[in-house]
Amino acid sequence: MSASTPELIRSCPRCSADVAHGALECEKCHALIHASQLERIAAEAKSLEAKREFRQAREAWLMSLPLLPRGSKQAEWVRDHALSLDITADQQQKPQSENKWAQKLGPIGPVAILLAKSKAVLAAIFKLKFLLSFAAFFSVYWALYGAAFGLGFAALILIHEMGHFIDVKRRGLPAEMPVFLPGLGAYVRWQALGVSLETRAAVSLAGPLAGTLAAAACTLVWWNTGSGVWAALARSSAWLNVLNLIPVWSLDGGQAAAALSKLERIGLLMLCLLLWVMLGEGVFFLVALGAGYRIFTKDIPAQPSRATSAYFAALLIALGIIMKLIPGSGFGPR
C-alpha cells in the first residue's frame, strides 16, 4: 500500500506559484498541492473496492486525509466513504452470524435479525429522498402554474441534473441521484477528488447540455403544435440554463469557468455581450458580468482549455437561438 507521507512540493502543480512548507492547498488558484499523490491513493482504493476488499479500501482512503485540507469537501467525502465501507464490510460477515444468533435466540431470532438490519432499512428509506424531493418540487410548480407545466418543468430540471449524474457515472466516479429543493432548483452530489479542471468543467456543462437538448425538443413540439405550454417549457428551460451558466459561485458556469484562461474568459465576456445586444435578453448580460468578474480572480489556470471554451460558447449560442425562436419572459404557460 502506498505511503501517505506528503511529498516535498515547493510550487503549485497547476499555476506554478510558490507554496508554503506543509501547505495542502495553493493560496493563488486553490488547487490541491498533492493532487498526483491523491490520484494514486484513489486509484489503489478503487482497485481494492473492485476486489471487494472493503477493509483495505477503507484504510487506503483514510491515507489521503493528511494530504487534504481538514475542512474541505474532499476530506468530508473520504470520511463518509470510509464509514460506508466499514458498514459494507460488516454486512459481508452478517449471513453466518445471523443464522447462528437466530438458532441461539429461538423464537426471537427473527426479531433480532430485523433489528440488526434496521440500519440497512433506514439507508433504503433515505434513498427515497430523490423521489420525495422530486414530488415536492413538482407540487410547488403544479400549484403555481397547473399540472401540465408543473410536471413538464420538473421533468426538465430532472433531465438537466441527470446530465450531470450520467456524465459523472460514465467516468467511473461515485455520485448520488439528484435532490430537488422546491422553489430553488436541484443538485447532484458527486466526488471530485483528484479530478482535473477540464473534467470538472465537462461534468458541470453536461447538465446545461442535457437542458439545452430538452429545451430544443420542447421547441420542436411547440413548433408543430402551437401549444403555449410547450413554448413556456422551452423558454423557461432555456432561460434557466443560461442563468445557470453565469460563471460565479457554485453555478455550473462557475465550475466550468475555472478551467478557462484569462483570454478565454475575455472571449466569453465578449460573446455574452454580443448575444445580449443581438437578442435583447438580459440574462446574457448577467453571464457577461460574471465573466468580467472572473477575469480578475486569482484562480486562472496556467494552461488554456479550448475544448471547455468551445463547449461553453456552443451552449450559450444554442440557448440563445431557442430564446430567439420563442420570445417572451417569465415562467408558466403564456
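The values are calculated or read from the model by the stated rules, or taken from the named source; none is laboratory data. Note that the structure is a prediction, hence the values are computed from the model and not measured. So basically every Cβ, Gly included, is an ideal-geometry build from the backbone, and we count neighbours across all protein chains shown. Quick note on the areas: whole protein, heavy atoms, side chains included, nothing else; ligands and nucleic acids left out. Shrake-Rupley method; radii C 1.70, N 1.55, O 1.52, S 1.80 Å.
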For the range 276-288, Karplus couplings with θ = phi - 60° (6.51, -1.76, 1.60), whole Hz, Gly/Pro x: 4, 5, 6, 9, x, 9, x, 5, 6, 5, 5, 5, 4
Förster radius 45 Å - calculated FRET efficiency between ALA148 and ILE317 (Cβ-Cβ, nearest 0.05): 0.95
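Report, in debye and to the nearest 20, how large the dipole of the range 226-334 comes out about its Cα centre when Lys and Arg carry +1 and Asp and Glu carry -1 on their Cβ. Working shown, then result.
On the way: 8 positive and 4 negative charges, 15 e Å.
Charge dipole of the range 226-334: 80 debye, to the nearest 20.
Ranked by accessible surface with a 1.4 Å probe, highest first, in what order do LEU158, LEU275 come? Could the numbers behind the result be given before it?
Numbers: LEU158 40, LEU275 20 Å².
Per-residue accessible area, sorted high to low, gives LEU158, LEU275.
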Packing-based ranking, highest mean first, of 302-310, 202-210 given that Cβ atoms within 10 Å are counted: 202-210, 302-310
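Just list whichever of LYS73/LYS169; LYS51/LYS73; LYS73/LYS129 have alpha carbons separated by over 23 Å in the model shown. Numbers along the way, then the final one.
Values: LYS73/LYS169 19 Å; LYS51/LYS73 26 Å; LYS73/LYS129 21 Å.
Among LYS73/LYS169; LYS51/LYS73; LYS73/LYS129, the Cα-Cα distance tops 23 Å for LYS51/LYS73.
With the Cα gyration tensor of the range 210-334 giving a ≥ b ≥ c as the square roots of its eigenvalues, does the rule (a/c under 1.5 for rounded; else a/b larger than b/c for prolate; else oblate) give rounded, prolate or oblate? Intermediate results must be reported in sequence, preceding the final value.
Numbers: a/c = 2.51, a/b = 2.22, b/c = 1.13.
Note, shape of the range 210-334 comes out prolate.
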Karplus (6.51, -1.76, 1.60) ³J(HN,Hα), θ = phi - 60°, over the range 130-146, in Hz, Gly and Pro reported as x: 4, 5, 5, 5, 5, 5, 5, 4, 4, 4, 4, 6, 5, 5, 7, 10, x
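Given a 1.4 angstrom probe, what's the average accessible area per residue across the range 185-314, in square angstrom? Could the numbers behind the result be given before it?
On the way: 5640 Å² over 130 residues.
Averaged over the residues of the range 185-314, the accessible area is 43 Å².
Using only alpha carbon pairs under 8 Å that are at least six residues apart, calculate the relative contact order of the range 139-294 and give it in whole percent. All intermediate terms of the calculation are to be shown ahead of the outcome.
Details: 219 pairs, mean separation 28.7, N = 156.
In percent, rounded to a whole number, it is 18.
Whenever you get a sec, line up TYR293, TYR311 from highest to lowest accessible area (probe 1.4 Å, protein heavy atoms). Each step should come with its number before you reach the end.
Details: TYR293 135, TYR311 65 Å².
Final ranking, largest accessible area leading: TYR293, TYR311.
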Loop-located trypsin sites (Lys or Arg not before Pro) in the range 10-49 whose Cβ has at most 12 other Cβ within 10 Å (DSSP): ARG10
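For LEU68, what charge total do you get from the other residues with a beta carbon under 11 Å from its beta carbon, if Lys and Arg give +1 and Asp and Glu give -1? Don't jump to the answer; show the numbers that get you there.
On the way: positive: ARG70, LYS73, ARG79; negative: GLU25, GLU76.
Charge balance in the 11 Å sphere: +1.
Express the relative contact order of the range 204-261 as a whole percentage, based on alpha carbon pairs under 8 Å and six or more residues apart in sequence. Please list the in-between numbers first.
Values: 58 pairs, mean separation 20.4, N = 58.
Dividing the mean separation by the residue count of the range 204-261 yields 35 percent.
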Qualifying aspartates and glutamates (Cα of each under 18 Å from Cα of LYS46; at least 8 residues distant if same chain): GLU59, GLU76, ASP80, ASP86, GLU176
